[in-house]
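Everything on this sheet refers to the single structure shown next.
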Amino acid sequence: MNSTVTIRELKRDKCNFVLRGVNLGFANSFRRTMMADIPTVAIDLVEFESNTTVLPDEFIAHRLGMIPLVSTNCDESMKYTRECDCVEGCSLCMIELRIDFRCDRPGTTMNITSNHLEIRPMPDNWGPGNTGEELAKRTPEFGIPVSKSKDFSGFPILIASLRKGQELKVRCYAKKGIAKDHAKWSPCTAVGFEYDPYNKLRHTSYWFETDKAAEWPLSPNAAEEDAPLDDEPFDYDAEPDRFYYNVETDGSLTAKEVVLKALADMRSRAATIVFNIDNPPTSDAMDISEAPMAQMPLPTRAANGSYASPSTGWGTSPNGSGSGTGGQGTGWASPNVTAAGGWAV
Ligand SMILES: [Zn+2]
């Protein structure tokens, strides 16, 4: 059976779809890739010039790090700082944002929000060999807080409240990263995932007090499948074949971009494995950075709203599976005082 995707709802920051024709392992990998492997840009270093608010520096630095920034096409339009050959940050690998705010209004407080973050140009001091092609792939809004985007409808994020005489003056440096390093880089606020809503496969057991049906109501996804009969025998060979996703993003990327980038990322990793099997490394250290780019086409959308999977063979990839340092889950990074007196968020 060919794999298909049926879109049930698509908005800028939400995508609800059904995936069929894949196994459970692939479906779960897809979910995890969307949550943790799609790069975005987020504030990672904050230098305080003045902070006379009631909040300590670390507190404000952490809040700034969690503010979603517009990250459209981030995987191609920005370099990781660890891969950039500049010395102290450049326009290819960092974005500088500043807050310079003082409350002079007597008798009331004033709020500093994400809308007070202003982008300042970074120097183009790239290392030799860089052409700056990443800059040409950025959208005009790249790096600004999502709350300042023209598509945003809602309230900006509160950073601190100031009373008369208090001020906050900081320089923030945003970097590209993935959520395996820190949760602030995840484009997703939630990825709902379900299969087998009737629990025909008995992959789970429901704890209940008196009435299982009343205490565990069926999810809306149950309408997509046939209810089991009362005397239906258990099928030991059955496997899940429909997976229900509900992807919600924080606005840094659109839901559509998260889904398509995740598929491309998984394809690239698989292609790297194939490439290295076909071209075994001669030394003990396997260098995946020289594999050519995967050339498989992305899924194409049919008239009925479904996505058909490409039928061509595997391509190969240069960036492959080498993403992230991994291993830290979504835990909090400890703040570290830097030589410049700032806080690593
Ligand atoms: Zn750089």
- Item | Surrounding net charge for residue 11, when Lys and Arg each add one and Asp and Glu each subtract one, Cβ distance under 15 Å | -2
- Message: Cross-link candidates for residue 200: which lysines have Cα within less than 20 Å, leaving aside residues fewer than 8 places away along the same chain?
- Response: 212
- When only alpha-carbon atoms count, how far does the range 1-94 stretch along each of its three principal axes, as whole angstroms with the largest first? 61, 37, 24
- Item | Burial ordering of 146, 18, fewest other beta-carbon atoms within 10 Å first | 18, 146
- Summing +1 per Lys or Arg and -1 per Asp or Glu among the other residues with Cβ less than 10 Å from residue 108's Cβ gives +3
- The Cα extents of the range 40-177 along the principal axes, largest first and rounded to whole Å, are 56, 33, 20
- With a ≥ b ≥ c the root eigenvalues of the C-alpha gyration tensor of the range 166-256, is it rounded (a/c under 1.5), prolate (a/b larger than b/c) or oblate? prolate
- Task: Beyond 21 Å between alpha-carbons counts as too far, so tell me which of 150/180; 11/79; 137/175 fall in that bin.
- Result: 150/180; 11/79
- What whole number of Å gives the distance from the Cα centroid of the range 122-163 to the Cα centroid of the range 172-228? 33
- Hey, what's the Kirkwood Rh for the range 113-208 if you take every pair of different alpha carbons, in angstrom? 18.7
- Message: I want the local charge near residue 218. Using Cβ-Cβ distances under 15 Å, sum +1 for each Lys or Arg and -1 for each Asp or Glu among the other residues.
- Response: -4
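None of the figures in this text is laboratory data; all of them are computed from the coordinates on show. Bear in mind that the values here come from a model prediction, so they are computed numbers and not experimental data. Positions of Cβ are backbone-derived with ideal geometry, glycine not excepted, and every protein chain shown enters the neighbour counts.
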